[in-house]
Protein chains: 2
Amino acid sequence: MTAPKELLERIQLRLEDSFTGIGEVVGDMPPADIADLLNQLTIVEAATVLTMLAIPRAVQVFDQPTMSRRAAILENLPAARAAQILEGMAADERVDLVQHMGERDRRKLLPMLRAEARAEVERLCQYPDHSAGGIMTTEFVRLDPSMKVGDALKHIRAVARDRESIYACYVLEPLTGRLLGSLSLRDLVMADLDRPLTEVMRRKPITAEALEDQESVANKMAKYNLLAVPVLEKDGSVVGFVTVDDVIDVLIEEGTEDILRLAGVEPGALDKPYFDNPVWLVVRKRISWLLLLFVAETFTGTVLRHYEGELAAVVALSFFIPLLIGTGGNAGAQTVTTIIRSLALREIRVKDGWRVLAREASTGITIGLLLGAFAFGRALLWGAHMPLAATVAITIVVICSWSTTVGSLIPILAERFGVDPTVLSAPLITTLVDATGLVIYFSIAKMILRL
Amino acid sequence: MTAPKELLERIQLRLEDSFTGIGEVVGDMPPADIADLLNQLTIVEAATVLTMLAIPRAVQVFDQPTMSRRAAILENLPAARAAQILEGMAADERVDLVQHMGERDRRKLLPMLRAEARAEVERLCQYPDHSAGGIMTTEFVRLDPSMKVGDALKHIRAVARDRESIYACYVLEPLTGRLLGSLSLRDLVMADLDRPLTEVMRRKPITAEALEDQESVANKMAKYNLLAVPVLEKDGSVVGFVTVDDVIDVLIEEGTEDILRLAGVEPGALDKPYFDNPVWLVVRKRISWLLLLFVAETFTGTVLRHYEGELAAVVALSFFIPLLIGTGGNAGAQTVTTIIRSLALREIRVKDGWRVLAREASTGITIGLLLGAFAFGRALLWGAHMPLAATVAITIVVICSWSTTVGSLIPILAERFGVDPTVLSAPLITTLVDATGLVIYFSIAKMILRL
């Protein structure tokens with residue numbers, strides 16, 4: 001929901017006016033909507049609104065991953081209030097926030113936290129950003145194997161106010177902290193109160209390793225329809241759990257990464273909202289691919305210089321260059337995108353390589369024949385003589401078949417040799433097809449036009 | 001988890017051998033893994049394995065959205081068994097399956113369902129495929145406003161075995177079926193047993209309309225961190241609810257659509273796994289964009305014919321054509337992809353248009369200056385004389401600025417005029433930049449080289 005304009009105006013009015021009653025204006029809006037609203041104010045205005053809210057409400061707002069500039073806003077709050085908010089936040093969001101803070105603020109704010117919360121932040125900051133450990137929550141419900149279902153429910157009632165999610169509870173070995181089994185709240189509610197937990201729990205729940213990539217955790221949870229997955233350290237002890245709403249954020253983030261990579265934009269560090277990335281960073285993330293492609297594309301010049309004689313003899317040959325390599329590039333981009341996505345969703349595996357190649361080649365030939373027929377007519381209409389029109393039409397057929405084959409072969413080879421195919425971009429295939437497409441074009445031209 | 005090869009071989013051995021003991025081989029594998037395994041067998045083999053499993057287990061396997069060829073496999077089962085499986089499935093998966101069945105099978109199987117289940121399938125089939133109604137589950141827990149928390153928990157214990165998810169329970173007005181409030185299982189477990197539900201329930205839960213687009217429902221649930229959202233008909237009555245695992249499937253599906261569209265592949269009807277789409281369908285979904293782009297690309301020929309004299313005078317001008325339009329196309333593709341994704345994630349809104357344009361233009365100029373300097377050196381090294389090298393370098397600067405501007409302007413204009421920007425593809429921008437880039441190139445060449 002977009003914050004309605006008048007509400008924004010009312011808030012800005014209040015800010016200039018009396019600074020009171022903000023709590024009443026934002027009423028009982030969901031915290032995600034308050035975050036939306038704050039995103040449209042300046043940092044100082046947002047900080048002012050936050051000082052008007054009760055602490056638990058401010059904490060809820062700060063817990064929204066959609067809220068931008070959290071670190072900057074926190075800096076603008078009175079230090080004591082900032083510490084209170086930081087203290088109240090969910091562990092995973094707090095770590096995310098601390099990681100985006102400047103060194104100075106970190107040194108100012110962290111000492112104000114309780115020793116326990118501070119130690120936890122420092123421990124969690126050690127996990128890589130995109131790992132299960134980096135997105136997990138540490139506040140899960142720990143159950144003892146000696147408990148009965150009734151004890152567990154009583155325990156949950158006592159502690160759950162502090163826990164982000166109680167839909168997954170874990171039974172741990174008392175001394176080692178190793179995972180014995182998992183129980184959902186549903187399992188507990190459905191079971192008889194005096195059954196021992198060890199009879200009700202699931203003994204081999206699906207787990208994630210602390211250093212496992214977040215995308216792999218997300219795929220696991222999507223596949224097995226899990227609401228939460230426990231995160232284990234190397235020694236088998238449970239250090240936290242990843243919830244389904246973290247996974248949704250991961251899926252959106254990874255989707256963005258895949259989309260940007262396919263267009264040849266290096267996504268690393270661009271995971272912030274559009275306007276939060278400084279222009280120089282955007283330039284840096286785009287220029288590397290552009291330079292690489294530029295260098296690769298200079299080979300087209302080498303090819304053309306090689307055929308300088310033919311070009312000088314039949315200038316009309318050059319008219320079709322952008323059309324031919326453009327079509328080849330488009331057909332290649334379609335294929336490489338389809339294959340990379342199918343590989344990511346595990347619809348295709350390396351061992352299916354030959355089948356994929358056969359499918360894409362026949363798709364390419366079919367598409368080439370259709371477009372070739374069209375191009376033949378178009379070239380004649382344009383006043384090209386018959387041999388030139390034939391050259392163009394035949395080149396289209398060959399280029400389309402060639403580009404779909406290359407577009408399917410390269411991502412599969414990448415996967416085969418352990419390179420993540422999503423690092424390949426569609427422009428890379430396009431560029432590759434440009435240079436080779438020219439060789440195809442001039443070879444066919446030389447044959448047909450007897451140059 | 002990939003089904004280990006030896007397990008597959010053991011199953012195929014059993015199938016040829018004695019047809020018994022399959023249940024023991026697949027042991028207590030998660031249903032999602034059994035589905036994976038079946039996906040690697042032939043339809044007849046998969047059907048055979050399914051006849052070996054107990055009905056509740058077979059139902060769990062059929063409830064996996066990852067299982068492919070469900071309709072075809074069902075056709076190969078004895079009709080009575082097929083009906084039993086269909087009857088046991090979750091309502092949302094059942095509808096999905098029935099919608100993918102042939103008319104003949106539908107007429108054979110539907111009459112075998114209980115009248116109630118049949119009526120439900122027929123009713124759900126009326127909701128569009130990509131709407132909240134099309135992905136919802138109908139088996140939610142209905143609570144009465146006169147109940148107390150203890151009654152509700154007792155009611156849940158009695159009925160929950162049939163319900164797909166009990167994490168969201170809805171309090172309905174007894175006669176009209178209108179939504180009065182929602183309760184999570186957590187709310188119920190945490191509340192005192194003798195409090196009336198009307199005191200504990202949330203009165204204004206976030207809801208979805210039955211005809212609402214599935215992507216909008218998914219975004220809502222992601223934003224508000226919901227595990228379930230009730231789906232309302234126009235009269236305010238609750239007809240079902242969408243769960244978080246449906247939303248994850250939607251996010252993956254919509255991610256695929258966005259990615260394919262950006263590469264110029266029309267995704268409609270291609271939402272099945274890679275190998276399940278017949279080649280002719282793939283050709284149809286790709287050719288429309290290719291033809292459109294082909295026609296657009298023919299303008300490059302028109303432009304080149306217009307500059308025939310210049311090309312004949314300086315053949316070397318043609319050497320740089322693919323390089324220049326390729327670079328412009330790549331820079332444009334980067335921008336259009338970034339902007340389309342940011343619009344989809346609502347990081348950019350139409351009213352930010354000018355700011356976006358200013359950012360992208362300055363990014364384009366910066367990138368153009370860097371690449372232009374590089375191109376100048378490269379052209380000189382290649383033996384081009386100074387004026388030609390200058391022409392190439394200046395063209396790079398202008399083309400990069402131009403393509404990033406066009407690449408940001410067009411999606412924003414699309415959004416402004418109510419056209420979904422994701423229907424724009426990166427190749428569309430590339431093609432547009434190709435023809436206009438040539439005009440820029442030859443205009444600069446005419447000025448500098450005095451042609």
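Each reported figure results from applying straightforward, stated rules to the coordinates on display, with no laboratory input. Just so it is clear, the structure is predicted and the values come from calculations on it, not from any experiment. Because the Cβ atoms are built from the backbone with ideal geometry, glycine has one as well, and the counts that use them run over all protein chains shown.
Of note:
- Residues A:Arg69, A:Arg346 in ascending order of nearby Cβ atoms (within 10 Å, fewest first): A:Arg346, A:Arg69.
- Positive-end extreme of charge dipole, chain B - chosen from B:Leu371, B:Val279, B:Leu432 (charges on Cβ): B:Leu371
- Centre separation in Å (Cα based) which lies between the stretch A:59-99 and the stretch B:347-390: 39
- Using C-alpha pairs under 8 Å with a sequence gap of at least 6, the mean separation divided by the residue count of the stretch A:274-449 gives a relative contact order of 35 percent.
- Pseudo-label separations to other copies for A:Arg157 - Cα-to-Cβ vector, 7 Å, nm: 1.3
- Against the main long axis of the alpha-carbon atoms of chain A, helix A:426-449 sits at an angle near 10°.
- Converting the Cα gyration tensor eigenvalues of the stretch A:274-449 into ellipsoid dimensions via √(5λ) gives semi-axes, longest first, of 31, 22, 14 Å.
- Normalised contact order of chain A, rounded percent, pairs of Cα under 8 Å and 6 or more residues apart: 10
- Rg/Rh (Cα only; Kirkwood hydrodynamic radius) as it applies to the stretch A:141-251: 0.96
- Theoretical FRET efficiency, 1/(1+(r/R0)^6), r = Cβ-Cβ of B:Ser146 and B:Val44, R0 51 Å, to 0.05: 0.40
- At 7 Å out from Cα toward Cβ: B:Asn277 inter-copy label distances (nm, ascending): 2.7
- Percent of alpha-carbon pairs separated by more than 56 Å within the protein assembly as shown: 18
- Structural size metrics of the stretch B:25-103, computed from C-alpha coordinates, are Rg and Dmax of 11.2, 36 Å.
- Phi-derived couplings, Karplus 6.51 cos²θ - 1.76 cosθ + 1.60 at θ = phi - 60°, listed residue by residue for the stretch A:245-250: 6, 5, 5, 4, 4, 4 Hz, with x used for Gly and Pro.
- Shielding by other protein chains, A:258-265, mean Cβ within 10 Å: 6
- FRET efficiency, 1/(1 + (r/R0)^6) with R0 51 Å, evaluated for B:Val350 and A:Lys154 via beta carbons: 0.40
- Long-range HN-HN contacts of B:Gly181 with modeled amide H, under 5 Å: B:Val171
- Cross-link table A:Lys220/B:Lys272; A:Lys223/B:Lys234; A:Lys285/B:Lys446; A:Lys154/B:Lys154; A:Lys351/B:Lys272, entries beyond 23 Å C-alpha to C-alpha: A:Lys223/B:Lys234; A:Lys285/B:Lys446
- Residues B:Phe275 and B:Val314, FRET efficiency given R0 of 41 Å [Cβ-Cβ distance, rounded to 0.05]: 0.20
- Average beta carbon contacts from partner chains per residue of B:203-209, 10 Å cutoff: 1
- Restricting the calculation to Cα atoms, the stretch A:321-399 shows an Rg/Rh of 1.12 when the hydrodynamic-style radius is the Kirkwood one.
- Surrounding net charge for A:Thr335, when Lys and Arg each add one and Asp and Glu each subtract one, Cβ distance under 14 Å: +3
- Summing +1 for each Lys or Arg and -1 for each Asp or Glu among the other residues whose beta-carbon sits under 13 angstrom from that of B:Ser362 gives +2.
- Peptide B:364-372 - average C-beta neighbours from other chains (10 Å radius): 3
- Amide H within-cut-off set for B:Glu209, under 5 Å, with H built and near neighbours excluded: B:Leu232
- Mean Cα-pair separation over length for the stretch B:82-128, i.e. relative contact order, pairs under 8 Å, 6 or more apart, %: 51
- Sorted peptide list for A:401-408, B:353-360, criterion being average Cβ within 10 angstrom, highest first: A:401-408, B:353-360
- Summing charges over all other residues whose Cβ lies under 14 Å from the Cβ of A:Asp192, with Lys and Arg as +1 and Asp and Glu as -1, gives 0.
- With the biggest extent put first, the Cα atoms of chain A measure 89, 62, 36 Å across the principal axes.
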